[in-house]
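Read through the structure below, which is laid out as structure tokens, and then see the notes.
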Amino acid sequence: MGERVIKGYQRLFEIRLLHHYWLDEGATLFDLLSDQAAKDSRLLTYDARPFLRITPTAATSRTLDGFGGFFKATALGCIVAVPSSAVIPADGTLEFIVTVQSQDLLNYTALTLRPCRIYDLYHQMEKKLYRYKENVPVLSNLTGTVRGAGPTRTLFLSKEIPAPAADDQVEALVVSGGALVQLTGDQPGAGMQQVGAVATDLPVFVHQGDAPAIVPSAGLVGAPARGVLLTDDLPESVFALIRLTPVRADVGDFSFIDAGGHAKLPHPVYHVRFKNRSTTWRYVNKQTRAVISMETTPFPLTWFGNAGTKQKPSDGFVKAEKSGDRIARLVSEIYV
């Protein structure tokens with residue numbers, strides 16, 4: 001009789017890449033939908049893979065191989081599983097690269113007007129080339145934020161959303177007076193719209209504060225203020241970097257191993273939320289190109305539902321209207 005070896009696996013953690021363009025119902029945020037069955041159904045039909053790809057870095061792949069574990073991309077994001085007997089050191093780090101699979105994503109995702117230029121800088125004293133990509137968010141379970149309690153408790157990998165700053169740009173997300181607010185233009189004097197009256201009742205979207213400050217090597221001139229250092233493991237196509245550490249001492253829910261180094265039960269589910277873009281909707285006669293009317297406030301772009309009362313725009317081209325060097329507003333033109 002042949003010998004059988006059965007190896008039990010369990011999930012180490014799950015990462016969900018959820019984009020609200022594909023989840024919200026018109027002006028109603030997905031998380032605030034009252035019908036739980038409708039929410040469950042929307043997640044069952046959601047698939048991030050056509051527009052976002054998540055992969056482990058080469059170093060992380062080697063680390064997972066060493067544990068006998070595996071990575072699997074899913075419609076919601078990805079899962080990582082290891083043998084139930086695996087003992088994972090508490091001081092390691094796992095990194096995952098998020099890249100854009102469809103350029104259409106940039107039309108309906110907030111914050112995409114921020115420049116993501118690549119800088120090639122030669123350090124004369126070190127005889128070394130440094131490459132940076134600016135404004136890349138780095139999302140971590142060591143700095144992530146919790147929302148809710150009990151069965152609604154959700155682990156977001158984004159930091160807490162900051163207060164308004166003098167250099168904020170159009171689409172920046174800020175907390176002002178306890179409310180979650182989005183800028184509709186560049187500072188100074190930017191217009192603002194309220195996303196929700198109580199920020200702590202809402203998801204923590206990826207925002208401008210998630211891009212870390214760059215501390216260049218001493219003597220290196222010209223590095224961008226925020227972003228990441230590109231390496232052999234981190235390609236220039238990176239859209240976001242997810243960095244996970246086994247243990248977070250101050251908020252244990254973010255840890256993915258127990259005191260013995262085994263995969264924790266239940267495993268953590270980490271959320272990365274992308275905010276859909278809001279634009280001012282302008283209605284144009286498709287025959288004469290004359291402006292018929294314009295909404296007075298920006299409306300969110302969504303696949304499901306309609307935030308307005310008239311025809312909604314497609315997810316296509318969004319026009320940035322300027323006042324001098326500042327972006328004054330984002331406009332979606334609807335030809336009727």
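Here are a few things to note about the model shown:
- Selection status of residue 31, surrounded by 14 or more Cβ atoms within 10 Å (Cβ to Cβ) and at pLDDT below 95: yes
- Qualifying position, being of a type in the set (Ser, Thr, Tyr), in contact with an Asp or Glu (Cβ under 7 Å, 6 or more places away or on another chain) and under 27 Å from residue 274 (Cβ atoms), among 132, 108: 108
- Selection status of residue 215, over 29 Å from residue 322 (Cβ atoms) and in contact (Cβ under 8 Å) with a residue 60 or more places away in the chain: no
- Selection of the stretch 284-299 for residues being over 24 Å from residue 109 (Cα atoms) and among the aliphatic types (A, V, I, L, M) yields 290, 291, 292.
- Checking residue 13 against (1) outside any loop (DSSP other than H, G, I, E, B); (2) among the hydrophobic types (A, V, I, L, M, F, W, C); (3) farther than 18 Å from residue 140 by Cα; (4) within 18 Å of the chain's Cα centre (by Cα), the condition it does not meet: (3)
- Residue under evaluation residue 180, criteria (1) out of contact with any strand residue (DSSP E or B) (no Cβ under 6 Å at 6 or more places or on another chain); (2) modelled with pLDDT of 95 or more, criterion not met: (1)
- Subset tally (residues that are polar (S, T, N, Q), surrounded by 15 or more Cβ atoms within 10 Å (Cβ to Cβ) and outside any strand (DSSP E or B)) for the stretch 143-186: 4
- The strands (runs of 3 or more DSSP E) found entirely in the stretch 49-92 that carry 1 or more residues being over 20 Å from residue 260 (Cα atoms) and in contact with a Pro (Cβ under 9 Å, 6 or more places away or on another chain) are 70-73, 77-83.
The values are calculated or read from the model by the stated rules, or taken from the named source; none is laboratory data. Quantities reported herein were computed from a predicted structural model and do not represent experimental measurements. Ideal geometry is used to build each Cβ from the backbone, glycine not excepted, and the neighbour counts take in all protein chains shown.
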